[in-house]
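Here's the structure, in structure tokens; my notes come after.
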Amino acid sequence: MTPDAVEATPGTQPEVADAAFMSLLMDVDKRRNPYPVFRAMREAAPVFQSSLGGWVLTRYEDCYNVLRDPRGGKDWNGLMMQSGIDDWREHPSLAFGSRSMLFANPPQHTRLRRLVAKAFTPRVVEALKPRMAAVVDRLLDEIERNGGGDLMDMLAFPLPVTVIGDLLGVPEADRPSFRDAVRANTRTLELGASREDIGIADRAALWMQDYFHALIADKRAHPGNDMLTGMLEAEEGGDHLSDGEIVETGLLLFAAGFETTTNLIGNGVHALLTHPDQLALLRQRSDLLGNAVEELLRFDPSIQITGRAIFEDIEIAGHRIPAGSGVMTLLGAANRDPARFADPDRLDVTRTGVEPLSFGSGIHYCLGANLARGEGCLAIGKLLERFSRIEFAEEPRFRDQLGFHGLETLRLVCAND
Ligand code: HEM
């Protein structure tokens with residue numbers, strides 16, 4: 001049955017919700033715009049056990065509660081086993097997951113996060129803004145000279161990679177090589193990742209890990225004024241990070257620092273161009289910019305799915321989820337839940353109290369959220385200030401991925417006339 005055929009009593013058709021979910025795996029076009037499918041899933045059964053094994057949640061409140069529930073957490077081994085990848089330890093791209101803060105539980109998670117969290121506080125981000133604004137201005141100069149261009153290549157990628165690269169101390173000339181390598185690795189986190197995807201990601205992961213090991217050796221010999229040097233020198237209560245932990249954490253920060261923010265900028269500009277009334281309103285009222293970025297994060301988030309392993313039995317909306325289960329929280333679906341957001345499919349830059357789930361929630365709440373918001377506001381605000389006319393130069397195309405949602409290209413005409 002197709003999602004459009006959902007009719008019977010809402011909330012009681014897990015097999016319909018599952019068929020809709022599976023259609024996302026089969027159909028690339030549905031992955032590019034998953035929201036109609038998410039809606040069909042939520043209406044058929046907002047909580048159901050998928051034929052992939054795990055439970056699936058599409059409502060805001062359910063996702064929010066599970067992400068914050070201490071009876072759940074991360075279980076990389078369990079996730080890999082559930083995905084049928086029992087040899088994951090032999091794959092550099094997958095073995096990485098088991099050591100990273102993103103997939104750790106307390107107390108190891110607390111320890112890794114504490115050692116880097118102070119670099120991303122609102123005050124630090126505020127102090128970075130003049131430098132970030134100068135980067136945006138320089139990138140917009142180039143777009144202006146060209147009368148437009150591919151925004152992904154000319155602003156959405158170079159801004160965040162420059163900001164996080166400068167913070168960490170990754171030399172400028174080496175940064176572009178990480179774009180494809182990181183993207184290859186995001187594919188291993190997609191539902192139904194193939195052995196071929198994993199093979200490509202392994203080669204990229206090995207290269208990135210070797211690169212970071214060499215970089216750390218270099219920082220040890222020639223300390224800089226950057227985070228990687230800071231991590232080498234960090235001593236908190238006698239604790240310090242091992243070289244392996246610095247490589248894992250540095251790579252996570254670098255990859256997460258650009259990949260998702262690139263897509264915040266791309267998806268955000270795309271949403272505004274396809275909603276000209278909201279674009280016009282934002283042009284008139286620049287005071288709405290901060291709010292608009294929250295709404296853009298809600299409307300088309302760059303991370304669509306995360307999840308938790310359940311360590312003790314829990315109950316969600318009358319369903320008993322036993323210990324040992326995996327739960328997928330569909331963030332993009334939660335952000336369109338009508339019980340939380342009035343008229344959720346409408347982009348509304350005046351919407352107040354948005355608080356999307358786009359950065360997750362609980363102890364793994366995105367460490368770079370302040371930075372991403374700051375970059376998003378500067379990129380989108382300054383783009384609109386600089387050009388009175390911004391149009392698609394060709395039909396934009398989303399990537400074929402579901403979990404990491406972003407544009408392949410975003411070719412624009414940018415002019416002042
Ligand atoms: C729009 C941009 C971004 C989005 C949508 C995003 C999204 C997310 C989400 C959903 C999580 C939580 C995953 C979970 O609970 O399983 C997360 C965690 C994380 N993010 Fe972001 N992120 C963004 C930008 C950034 C930036 C700029 C950085 C780095 C500077 C960053 C670093 C991290 C780290 C280190 C974690 C793991 C935190 C932990 O496990 O405690 N992110 N991000």
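Ratio to report: Rg/Rh of the range 327-417, with Cα atoms as the point set and Rh obtained by the Kirkwood method; give two decimals. My calculation puts Rg/Rh at 1.00. With contributions of -39500 (n - 2.57) from each DSSP H run of at least four residues, the per-residue ellipticity at 222 nm computed over the chain stands at -16000 deg cm²/dmol.
Couplings 3J(HN,Hα) for the range 378-393, derived from phi with the Karplus relation 6.51 cos²θ - 1.76 cosθ + 1.60 (θ = phi - 60°), are 5, 5, 6, x, 6, 4, 5, 5, 6, 10, 7, 10, 10, 9, 5, 8 Hz, where x marks Gly and Pro. Value of Rg to Rh for the range 75-214, rounded to two decimals, is 1.03; Kirkwood radius and Rg both from alpha-carbon coordinates.
Under the combined filter of DSSP loop state and at most 14 neighbouring Cβ atoms within 10 Å, the range 245-305 retains these trypsin sites (Lys or Arg not before Pro): ARG285. Within straight-line reach of LYS30, meaning a Cα separation under 15 Å, sit the following aspartates and glutamates at least 8 residues removed in sequence or on another chain: ASP4, ASP18, GLU190, ASP300, ASP400. How big is the antiparallel share of DSSP beta bridges in the chain, given as a percent to the nearest 5? In the chain, DSSP labels about 90 percent of beta bridges as antiparallel.
Test of understanding: in a Gaussian network model of the chain with alpha carbons linked when under 10 Å, which of GLY376, GLY353, GLY192 would top the mean-square fluctuation ranking? Its mean-square fluctuation being the largest, the pick is GLY353.
Each of GLU259, GLU408 has some number of other Cβ atoms within 10 Å of its Cβ, and from fewest to most they run GLU408, GLU259. Please list log₁₀ I(q)/I(0) at q = 0.15, 0.19, 0.33 Å⁻¹ for the range 22-63, using the Debye equation with identical point scatterers on the alpha-carbon positions. One equal scatterer on each Cα of the range 22-63 leads to -0.36, -0.58, -1.17. Excluding SER286 itself, calculate the net charge of residues whose Cβ lies under 12 Å from the Cβ of SER286, where each Lys or Arg counts +1 and each Asp or Glu counts -1. Computed value for this residue: +1. Less than 5 angstrom separates the built amide H of ILE303 from those of HIS405, all sequence-distant by 5 or more or on a different chain.
Sequence neighbours fewer than 8 away in the same chain don't count; with that in mind, list the lysines whose C-alpha is under 23 Å from LYS129. Counting by Cα, and skipping residues close in sequence, LYS129 has these lysines nearby: LYS118, LYS382.
Arranged from fewest to most other beta-carbon atoms within 10 Å of their beta carbon, ILE305, ILE85, ILE246 become ILE85, ILE305, ILE246.
Using the Karplus relation 6.51 cos²θ - 1.76 cosθ + 1.60 with θ = phi - 60°, the per-residue 3J(HN,Hα) values for the range 147-161 come to x, x, x, 7, 4, 5, 7, 9, 9, 5, 7, x, 5, x, 5 Hz, with x marking Gly and Pro. In the elastic network of the chain, a GNM with C-alpha springs shorter than 10 Å, the most mobile of HIS91, HIS222, HIS364 is HIS222. Pairwise Cα separations in the chain fall into 10 Å bins from 0 onward with the following percentages, short to long: 4, 21, 32, 27, 13, 2, 0. How fast does the range 188-238 diffuse by Stokes-Einstein, in µm²/s, taking the Kirkwood radius from C-alpha pairs at 37 °C and 0.692 mPa s? The Stokes-Einstein estimate is 247 µm²/s. When the Cα gyration tensor is reduced to axis lengths a ≥ b ≥ c, the ratio a/c is 1.5 or higher for the range 1-151, and with a/b not above b/c it is classed as oblate.
All of the numbers you see were taken from the coordinates with simple rules; none came from a lab. All of these numbers come straight from a predicted model, not from anything done at the bench. Positions of Cβ are generated from backbone atoms using ideal geometry, with glycine treated the same way; all protein chains shown enter the neighbour counts.
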